[in-house]
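Data block below; observations after.
Bear in mind that the values in this text are calculations on the coordinates, not laboratory data. Here the structure is a predicted model, which means the values were calculated and not measured. Positions of Cβ are backbone-derived with ideal geometry, glycine not excepted, and every protein chain shown enters the neighbour counts.
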Amino acid sequence: RLRYKVIPAENFSGDIVAASRSTDGHFYALLADATGHGLTAAISVLPVLALFYRISKLSLSLREIVLELNQQLKASMPVGRFIAITLLCLDEARREGDIWVGGTPEAFLFDRWGRVSRTFSSDNLPLGIVTNDELGAHPQHFSWEAESQLVLCSDGLLEATNPDNIQFGAEGLIAAAANTSPSSR
C-alpha cells in the first residue's frame, strides 16, 4: 500500500516518511521535511515522528492531528526552525480520504493511466511557525477510483537537476507518471 524512497543528500536528513493504522482501520501517512540539512534537521523531525505514531492510533481527525503537531512544534522548536508536512488519512473501504499540505510541494492523485486526476496544492504554512489560531488546519477531502495512486514528495525531488541544470519540477513528475502502469509507476 505504501512505497517510498528517501535518498538524503547527506548521511542524516530531515525528511521522513511514516505510516500508521488507527484502531478503527484508517490509514495515516506523513511526509515531513525539516528546515536545514544534516543532523540538525534529523533531530528536529524526531518529535513529529513520535507524536504522529502516538496520536494516529487514537482515530483523531486529520485537523486534530495537524493542530496537535503544530502546537508541539511551536512550543519546542527554536525560532527559524519549522517542518513542512503533508499528512493524509485514508478510509480505504470507502475510497475516501483527507489530505493536508503545509510547506511541502503539491501532492498529486494519479488515475490508473497515470494522468493527474486531482492536485492538492500547498496552501498552508509549515508547522511550528504560527499558533494554531493562525494556522489553516482544514484538510481537503477527496475520493478515488480503483488503481489510483497518491504521490507525495519533498522539495528535493522537484529541485533535482539533470546534466543541463534543468530542474525535474512538477512537470517532470507528471510526465514520468504518464502512461505507466500503476505497479511500475
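Hydropathy at least 0.5 by Kyte-Doolittle, axial extent at least 20 angstrom from the Cα trace: which helices of the chain, defined as entire DSSP H runs, fit?
On the way: long enough: 38-56 (27 Å, 1.62); 62-76 (21 Å, -0.07).
Membrane-span-like by this rule: 38-56.
Between Val79 and Ser148, the modelled labels are 4.4 nm apart [label points 7 Å from Cα along Cα→Cβ]. Computed from the C-alpha gyration tensor, the three semi-axes of the ellipsoid equivalent to region 103-152 are 27, 11, 7 Å, from longest to shortest. For the residues Leu88, Leu150, Leu125, a GNM of the chain with alpha-carbon springs under 10 Å puts the largest fluctuation on Leu150.
Want the number for Lys57 to Ala178: 0.36 nm per residue separation, take away the alpha-carbon distance, what's left?
On the way: separation 121, 0.36 × 121 = 43.56 nm, distance 3.51 nm.
That pair, Lys57 and Ala178, stretches by 40.1 nm at full extension.
Relative contact order for the chain: 19 percent, from Cα pairs under 8 Å spaced at least 6 residues apart, divided by residue count.
Where in the chain lies the longest segment free of GluC sites (Glu not before Pro) that are both loop residues by DSSP (not H, G, I, E, B) and have at most 11 other Cβ atoms within 10 Å?
Details: sites that count: Glu10, Glu134, Glu145.
That would be 11-133.
By the Kirkwood approach, averaging reciprocal distances over each pair of separate Cα atoms, region 42-185 gets a hydrodynamic radius of 16.5 Å.
How much length is gained on full extension from Ala160 to Ser20, taking 0.36 nm per residue of separation minus their Cα-Cα distance?
On the way: separation 140, 0.36 × 140 = 50.40 nm, distance 2.90 nm.
Value of the extension gain: 47.5 nm.
When both bridge partners sit in the chain, DSSP labels roughly 95% of those beta bridges antiparallel.
When the chain is treated as a GNM with alpha-carbon contacts under 10 Å, the residue of Pro139, Pro78, Pro126 showing the greatest mean-square fluctuation is Pro78. For region 68-128, applying the loop criterion from DSSP together with a ceiling of 16 other beta carbons within 10 Å to the trypsin sites (Lys or Arg not before Pro) yields Arg94, Arg95, Arg112, Arg115. Within the listed set Gly97, Gly172, Gly14, the Gaussian network model of the chain (springs between alpha-carbon atoms below 10 Å) gives the highest mean-square fluctuation for Gly172.
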